[in-house]
1. Is it the case that Leu26 is open to solvent by less than 80 Å² (accessible area, probe 1.4 Å), aliphatic (A, V, I, L, M) and modelled with pLDDT of 95 or more?
2. Could you tell me which of the residues Tyr97, Tyr34 is assigned to a strand (DSSP E or B) and either within 12 Å of the chain's Cα centre (by Cα) or among the charged types (D, E, K, R) (or both)?
3. Look at Glu102 and say whether it is within 26 Å of Ala12 (Cα to Cα) and loosely packed, with under 12 Cβ neighbours inside 10 Å.
4. Closer than 16 Å to Gly75 by Cα and touching a helix residue (DSSP H, G or I) at 6+ places or on another chain (Cβ under 7 Å): is that true of Ala12 in this structure?
5. Got a sec? Which of Asp39, Asp65 is within 20 Å of Leu23 (Cα to Cα), modelled with pLDDT under 95 and under 12 Å from the mean Cα position of the chain (by Cα)?
6. In the stretch 74-92, which residue that is of a type in the set (A, V, I, L, M) and not in a helix (DSSP H, G or I) is farthest from the chain's Cα centre (by Cα)?
7. Look through Val79, Val43, Val4 and report the one residue that is open to solvent by less than 70 Å² (accessible area, probe 1.4 Å) and closer than 14 Å to Met96 by Cβ.
8. Tell me which of these Leu60 doesn't satisfy, since it passes every other one: (1) more than 23 Å from Arg105 (Cβ to Cβ); (2) buried (at least 16 other Cβ atoms within 10 Å of the Cβ).
Amino acid sequence: LKTVNDDFGHDAGDKLLARASSLLKLAFGDYDIYRAGGDEFVVFCPEITNEKLDQHAAQLRSLADSTPDVSFAVGSVYVTGEYDIRTAMNAADELMYKDKQEYYRNHPEKDRRKCNNV
């Protein structure tokens, strides 16, 4: 998102966010999707099974793989019973960063952080 905003302007960044949210809507249907800030989104899926959550996350990855300008780092956490929302979101965030590291390990040419350090 930062690169798009910097290179093409905030209108282009807003359109990118809209495309990303459309893919989230396709993958997660009627579940609650929120923009947490910047380019981060949170999806709440009450009364879902762990297997179904994994299926939705896999569908999101598949949709993003077929879209040239949108990619996702995904961190999903399945919890049951009483839980602390902040703890769950922090755990998902840690998994998302691990997913992002793996993505850049497999696609080093897309890692703008390395390009800026050269």
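1. Values: open to solvent by less than 80 Å² (accessible area, probe 1.4 Å): no; aliphatic (A, V, I, L, M): yes; modelled with pLDDT of 95 or more: yes.
Taking the combined requirement at face value, the residue does not satisfy it.
2. Working: Tyr97 fails: assigned to a strand (DSSP E or B).
Of Tyr97, Tyr34, the one residue that is assigned to a strand (DSSP E or B) and either within 12 Å of the chain's Cα centre (by Cα) or among the charged types (D, E, K, R) (or both) is Tyr34.
3. Working: within 26 Å of Ala12 (Cα to Cα): no; loosely packed, with under 12 Cβ neighbours inside 10 Å: yes.
It is false that Glu102 is within 26 Å of Ala12 (Cα to Cα) and loosely packed, with under 12 Cβ neighbours inside 10 Å.
4. Working: closer than 16 Å to Gly75 by Cα: no; touching a helix residue (DSSP H, G or I) at 6+ places or on another chain (Cβ under 7 Å): yes.
So Ala12 fails the test.
5. Numbers: Asp65 fails: under 12 Å from the mean Cα position of the chain (by Cα).
From the options Asp39, Asp65, the qualifying one is Asp39.
6. Within the stretch 74-92, the subset of a type in the set (A, V, I, L, M) is 74, 77, 79, 85, 88-89, 91-92.
Right, trim to not in a helix (DSSP H, G or I) and you get 74, 77, 79.
Working: Val74: 5, Val77: 13, Val79: 19 Å.
Going through the qualifying residues, I end up with Val79.
7. On the way: Val79 fails: closer than 14 Å to Met96 by Cβ; Val4 fails: closer than 14 Å to Met96 by Cβ.
Step by step, each of Val79, Val43, Val4 is checked, and only Val43 is open to solvent by less than 70 Å² (accessible area, probe 1.4 Å) and closer than 14 Å to Met96 by Cβ.
8. (1)
The values are calculated or read from the model by the stated rules, or taken from the named source; none is laboratory data. The shown structure was predicted, so the numbers you read here are calculated from the model rather than taken from an experiment. FYI the Cβ positions are ideal-geometry reconstructions off the backbone, even for glycines, and counts take in every protein chain you see. Accessible surface areas use protein heavy atoms only, side chains included; no ligands, DNA or RNA. Shrake-Rupley method; radii C 1.70, N 1.55, O 1.52, S 1.80 Å.
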